[in-house]
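> Sharing a structure here in structure tokens format.
The values are calculated or read from the model by the stated rules, or taken from the named source; none is laboratory data. It should be emphasised that the depicted structure is a prediction, and the values quoted were computed from it without experimental measurement. No Cβ is skipped: glycine too gets one built from the backbone with ideal geometry, and neighbour counts run over all protein chains shown.
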């Protein structure tokens, strides 16, 4: 069983939480919290106020907080600095470039001379290990890239995913003397006047900070997130290097154009700017705890930040305990239903994005664990996505249109979200995507046919100005995690049944609000499963498709693209 592993080790919040977007959190009364569309609250949510553990180590009241004064001005000041961070200079930071080239190039050369001489699993493991070590030495930006890769099970090679899981919370730690110095500078007093005990070995360590178990002199068991010394200087250098490279990728690499590298750098700068001040992260914790309570999401908890011991570089919060999210065996032995765990996380995320306009923006295995009672402790609130009304409405329409196989409705919503140009020709785009053609099962196509289809669609999307706007980047990043989480927690979950179940939740709990906002009443419309199956190249006679079977289908397609033979598709298509 893990004990508090993974507290606060990701990137920062993008927008202010006060009176701007999504839920209005100014009031202590959940009944007065302004929810888009006037969604009804449950009695449980009205009475809870915050999604904190019952009987916590201290009572939480906004008026008791000593660290949340002037945070709005602080956010504004940091936003004003971002354009300077991402302004591409005439020359890149040469020393940083040489360092990165040396680290990554050395890793590739070492692999080529040793493990790369003999293709196979051992070769891939060797390359993954060398790249992970190089990324750790290069610092925050590269470690965060490793965290993203670690959430991509099923999309990235297994060896790469398994190796980069170490970037979540097992980066080499800063010596304790340096940690003590940071804490004492921030608190303005010796360590032992605040803490009766402070573990020298961290529970977790990642790019920006590391987390230590401790006990306050007042007796409460806590965890302490401490920022690494000089990390801000390294972050600025990394961003400067990225800002110089990003515009030069556009037009040279097709996928880079779709991902919009300059915007990627900008969103990274915005998020990490706030991550460097833990007072902003602590307030994010409060915001998400309020939204979860308003939504009646009792299956997801937030650790309480301490009312006094929070500064720009130190964050003290209550200590929670539980299973690592991928410790499926331990959870099952404890009687925890892992499929329910997955469902609870997915619903909380989707409700935040589509109903309340605010969501945790950095799901990965180091940022959550499952408590013995089956509830999910959600950690690390540096990256918090916030949507304005138009963006949130677009997310809603994407989901609802997809449920009834309305491709035009989905494309319209993507356009409104900013993923397509405002003047895009939707009819031409639908033709490009083959809306007027029978959908073929990719597992029964040749590798050449699959590659040609991908190239044609990608070229057409880029021609129509397709890109990934900031909210969609955060959303896609989390969905990448959930795809891997299914493999860990519920590999035999029927994906069709889960889709219907999620749709049913929104119809039951938010149907009236959705109807009033986008003119679509999910309670009066059924999911078009035949359309969903057809979009995957499956026949209507396929009754179920587990994630395990979906992974097999992906493997067949991957092997076809690589020119290798594969097993018969009929063995992994769910009966197709």
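> Taking into account only those residues within the stretch 44-59 that are modelled with pLDDT under 90 and buried (at least 20 other Cβ atoms within 10 Å of the Cβ), which is nearest to residue 319 (Cα to Cα)?
Across the stretch 44-59, the extreme among qualifying residues is 48.
> Looking at this structure, is residue 453 modelled with pLDDT under 85, on the phi < 0 side of the Ramachandran plot and within 30 Å of the chain's Cα centre (by Cα)?
For residue 453, the condition - modelled with pLDDT under 85, on the phi < 0 side of the Ramachandran plot and within 30 Å of the chain's Cα centre (by Cα) - is met.
> Where in the stretch 247-311 are the helices (runs of 4 or more DSSP H), entirely inside, with at least 3 residues that are more than 19 Å from the chain's Cα centre (by Cα) and modelled with pLDDT under 75?
Helices (runs of 4 or more DSSP H) meeting the threshold: 254-259.
> Is it the case that residue 409 is farther than 29 Å from residue 322 by Cβ, in a loop (DSSP other than H, G, I, E, B) and free of Cβ contacts under 8 Å to residues at least 24 places away in the same chain?
In short, no.
> Also: Based on this model, can you work out whether residue 186 counts as more than 28 Å from residue 243 (Cβ to Cβ), touching a strand residue (DSSP E or B) at 6+ places or on another chain (Cβ under 7 Å) and assigned to a helix (DSSP H, G or I)?
It is true that residue 186 is more than 28 Å from residue 243 (Cβ to Cβ), touching a strand residue (DSSP E or B) at 6+ places or on another chain (Cβ under 7 Å) and assigned to a helix (DSSP H, G or I).
> Of all the residues that make up the stretch 515-546, how many are out of contact with any strand residue (DSSP E or B) (no Cβ under 8 Å at 6 or more places or on another chain), surrounded by 16 or more Cβ atoms within 10 Å (Cβ to Cβ) and within 15 Å of residue 443 (Cβ to Cβ)?
6
> For the stretch 329-382, name all the residues that are assigned to a strand (DSSP E or B) and under 14 Å from residue 475 (Cβ atoms).
358, 359, 360
> Of (1) free of Cβ contacts under 8 Å to residues at least 40 places away in the same chain; (2) under 27 Å from the mean Cα position of the chain (by Cα); (3) farther than 12 Å from residue 403 by Cα, residue 519 satisfies all except one. Which?
Residue 519 satisfies every listed condition except (2).
> Could you pull out the residue among 353, 401 that is within 18 Å of residue 471 (Cβ to Cβ), out of contact with any strand residue (DSSP E or B) (no Cβ under 8 Å at 6 or more places or on another chain) and surrounded by 19 or more Cβ atoms within 10 Å (Cβ to Cβ)?
401
> Also, I was wondering about something else. Among the numbered criteria (1) over 16 Å from the mean Cα position of the chain (by Cα); (2) touching a residue at least 40 places away in the same chain (Cβ under 8 Å), which one does residue 148 miss?
(1)
> Among strands (runs of 3 or more DSSP E) lying entirely in the stretch 191-232, which contain 1 or more residues that are closer than 25 Å to residue 165 by Cα and modelled with pLDDT of 95 or more?
In the stretch 191-232, 209-216, 221-227 are the strands (runs of 3 or more DSSP E) which contain 1 or more residues that are closer than 25 Å to residue 165 by Cα and modelled with pLDDT of 95 or more.
> Inside the stretch 128-137, can you point out the residues that are farther than 11 Å from residue 167 by Cβ and either buried (at least 21 other Cβ atoms within 10 Å of the Cβ) or at pLDDT below 85 (or both)?
Hits for the stretch 128-137 are 128, 130.
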